[in-house]
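The values are calculated or read from the model by the stated rules, or taken from the named source; none is laboratory data. These numbers come from a predicted model, not from an experiment. In this analysis, Cβ positions are derived from the backbone assuming ideal geometry, glycine residues included, and neighbour counts consider all displayed protein chains. Heavy atoms of the whole protein, side chains included, go into the accessibility calculation; ligands, DNA and RNA do not. Shrake-Rupley method; radii C 1.70, N 1.55, O 1.52, S 1.80 Å.
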Amino acid sequence: MPQPWEGARYAILLVEYNIPGHESGVGGADKGKNGHRVDSIPIANGVIKAGSQCIPMFYVPQFYEMISIALKTADGIIVRINPGQLVGDEQDKFDNLMRECIALG
């Protein structure tokens, strides 16, 4: 659905992750042909129907700084990343970022 840019109640980010080189070719067994989790777009559309923006974005570790700024300025975050999909220190870094966002309210 189109985003309600004017008059939206909240700006929500829906965060996903695609596993690089996954055998599915779309970033994971839980992804549709478009690379999104199969329920992410219906979730985003539900938020939009409720009068808020819901912008899907992919977490890309190489763009941590930019993503961090976006997440910390959003009104809300919906995380659609299964624990353990990020490897090694990347999972800890993402988890710490989520804790920082929670602390911001």
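At-a-glance table
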| quantity | calculated |
| --- | --- |
| Gain on full stretching of the segment that runs from Ala70 to Asp39 - 0.36 nm per residue minus C-alpha separation | 8.9 nm |
| Environment charge at Val38 (Cβ cut-off 13 Å; Lys +1, Arg +1, Asp -1, Glu -1) | +1 |
| Dipole of the chain [Lys/Arg +1, Asp/Glu -1 at C-beta], most positive-end residue of Met66, Leu104, Gly76 | Gly76 |
| Cα-based reach from Lys93 at 28 Å (exclusive), listing lysines while leaving out same-chain residues under 8 positions away | Lys31, Lys72 |
| Of all DSSP beta bridges in the chain, antiparallel share, percent nearest 5 | 10 percent |
| Lys/Arg +1, Asp/Glu -1 at C-beta; the chain dipole; positive extreme among Ser52, Ile12, Asn34 | Ser52 |
| Sequence-separation-based contact order of region 1-102, relative, with Cα cut under 8 Å and 6+ spacing, percent | 37 percent |
| The chain, dipole about Cα centre (Lys/Arg Cβ +1, Asp/Glu Cβ -1), debye to the nearest 20 | 360 debye |
| Total charge dipole magnitude, region 1-50, about the Cα centre, Cβ charges on Lys, Arg, Asp, Glu only, Debye to nearest 20 | 120 debye |
| Solvent-accessible area per residue, Å², over region 1-55 with all protein chains present [probe radius 1.4 Å] | 58 Å² |
| Relative packing of peptides 80-92, 47-59 - highest average C-beta neighbours within 10 Å first | 47-59, 80-92 |
| Size-normalised alpha-carbon gyration radius of region 11-105, reference 2.2 N^0.38 Å | 1.07 |
| Heavy-atom accessible surface of region 30-102: percent carbon and sulfur, 1.4 Å | 58 percent |
